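Read-outs throughout are calculated quantities, based only on the coordinates presented, and are distinct from any laboratory measurement. Only a predicted model underlies this, so the values are computations on that prediction, with no experimental measurement involved. Using ideal geometry, Cβ is built from the backbone for each residue, glycine included, and neighbour counts are taken over all protein chains shown.
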Amino acid sequence: MPKFVLQDPDSYVWVDQQVIGPVDLGQKPTDPGATWSVTKQTLHGGRREGVDQITVDNGCLAFDVLPTRGLGIWAARLGASRVGWRSPVSDGPIHPALVDLSARAGLGWLQGFDELLARCGLESNGPPNVDAQGRVVQGLHGRIANIPARDVSIVVDDQAPHAIHVEGSVDESELFFGRLRLTTRISTVPGSNSFTVRDQVTNLRGVPGSFQLLYHWNFGPPQLGKGSRFVAPIQTLCPRDAQAMAGLDQFDRFDGPVPGFAEQCYFMHLHAAADHRTLVLLRNEAGDQGIALRFDTRQLPCFTLWKCTQSLEDGYVTGLEPGVNFPNPRPFEDARGRVPTLPPGGSATFKTTLEVLVTAPEVAAIEVEILEIQQRSGAPVIYPLPVEPFAMPLS
């Protein structure tokens, strides 16, 4: 398969700008699917100065990969539909060197948060963990989204349909402590409405190492708006706290922007098909715009719905977040057996697929698929208040 190396620090290779297209594979403009392109550029100006961006356009769907920000995904576009959200971090994507993860008692991660997909982990992925002396042990959502990648390449299948892959790795490591590597392949097929993120987490130490991982997929208009709905084959659902309890009767429905809205989180286990694959849907009120997110419950058994429908100026957004654990403080998750451990050299693989839906029949087909899983598996169990082992009970 043709491989285009954009960055390889061991060989001192770094490409500032490059455009790759069908002609580089010997395709003719008249060949089926020969409308794709991959563009690599370095962004300039303000806090985005020096951020590498790779834009993959498969001829139907385009999305932006950010090697400088842990190979996260900034935004996607399909026709007139933008997929992502409008963060108050308005001059992003933000270079990690300008994000102080220790600021605001461990909430500094928010200084750079504006992606469609931001991975949370790998040492921790929940709220700040503070010790008895008030010192921050682990900050909000971990470090992996603010570590620049290495060994970044574009690989294109030489056989039709010529799938396009962005590959790279991100190392989260320090002497005497964790040494973990996230290796990713982000793939799409020319002409499709979807792309897949396949990650492998590897323990590079000579002793066992533990990790956490959560996929923080974030959406705003046009998929999110007044009357939008969340649809999923729910097995169990638990509100995270008293604020989530207050909105429990409408957990799956969204209002328009509400200034001052306080975030609500719901922790879930989802039913899956016989192959352990499941999916969730966010659809607009009319049912003619939406996104579907697919994943394997054996890899990602925990799911979090994050509702943060404050004013547009403050970041009107919802998060669909599959993970290996729930985003509670790490000691809480450790005590409940939701922090995987890898042997020396061991690895674990995770895959999520995002589909962008822009017609009513597409949205309806996904709803039917979810309903069939729910009907085969039984009605959901919905807890009225935070309970073990999902969340910390109210005191």
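A few comments on the model shown:
- Dipole magnitude for segment 126-201: about 200 debye, using +1 per Lys or Arg Cβ and -1 per Asp or Glu Cβ, origin at the Cα centre.
- Charge dipole (the chain, unit charges on Cβ, about Cα centre) - positive-most of PRO380, ASN193, LEU224: PRO380
- Using R0 = 30 Å, the C-beta based FRET efficiency linking HIS276 and LYS226 works out to 0.30.
- In terms of packing, defined here as the mean over residues of other Cβ atoms within 10 angstrom, the peptides 113-126, 19-32 line up highest first as 113-126, 19-32.
- Calculated mean residue ellipticity, 222 nm, the chain: -2500 deg cm²/dmol, from DSSP H runs (n ≥ 4) at -39500 (n - 2.57) each, averaged per residue and rounded to 500.
- Looking at the chain, the DSSP beta bridges with both ends there are about 95 percent antiparallel.
- Choice from PRO148, PRO127, PRO361 with maximal GNM fluctuation in the chain (Cα, 10 Å cutoff): PRO361
- Peptides ranked, highest mean first, by Cβ atoms within 10 Å: ranges 2-12, 40-50: 40-50, 2-12
- Taking the fewest neighbouring Cβ atoms within 10 Å as the starting point, the ordered list for TRP74, TRP14 is TRP14, TRP74.
- Once you reduce segment 96-152 and segment 259-291 to the center of their Cα atoms, the two points are 25 Å from each other.
- Centroid-to-centroid, using Cα positions, segment 155-176 and segment 1-79 are 12 Å apart.
- Each Lys and Arg Cβ is given +1 and each Asp and Glu Cβ -1; about its Cα centre, the chain then shows a dipole of about 440 debye.
- Residue order, fewest to most surrounding Cβ atoms within 10 angstrom, among MET245, MET1, MET268: MET1, MET245, MET268
- Pairs of Cα atoms in segment 3-382 fall into 10 Å distance bins, from 0 up to the last occupied one, in shares of 5, 23, 34, 27, 10, 1, 0 percent.
- What you get for segment 73-205, charging only the Cβ of Lys and Arg (+1) and of Asp and Glu (-1), is a dipole of about 220 debye around the Cα centre.
- Of the residues PHE177, LEU71, ALA34, the one whose Cα sits farthest toward the positive end of the charge dipole of the chain, with +1 on the Cβ of Lys and Arg and -1 on the Cβ of Asp and Glu, is PHE177.
- Here the residues LYS307, LYS226, ranked from fewest to most Cβ neighbours within 10 Å of their Cβ, fall in the order LYS226, LYS307.
- Partner lysines for LYS226 [C-alpha distance under 20 Å; skip if fewer than 8 residues away on the same chain]: LYS307
- The length gained by stretching the chain between ARG150 and THR30 to full extension, at 0.36 nm per residue less their Cα-Cα distance, is 39.6 nm.
- Qualifying aspartates and glutamates (Cα of each under 18 Å from Cα of LYS3; at least 8 residues distant if same chain): ASP16, ASP24, ASP57, ASP151, ASP157, ASP158, GLU167
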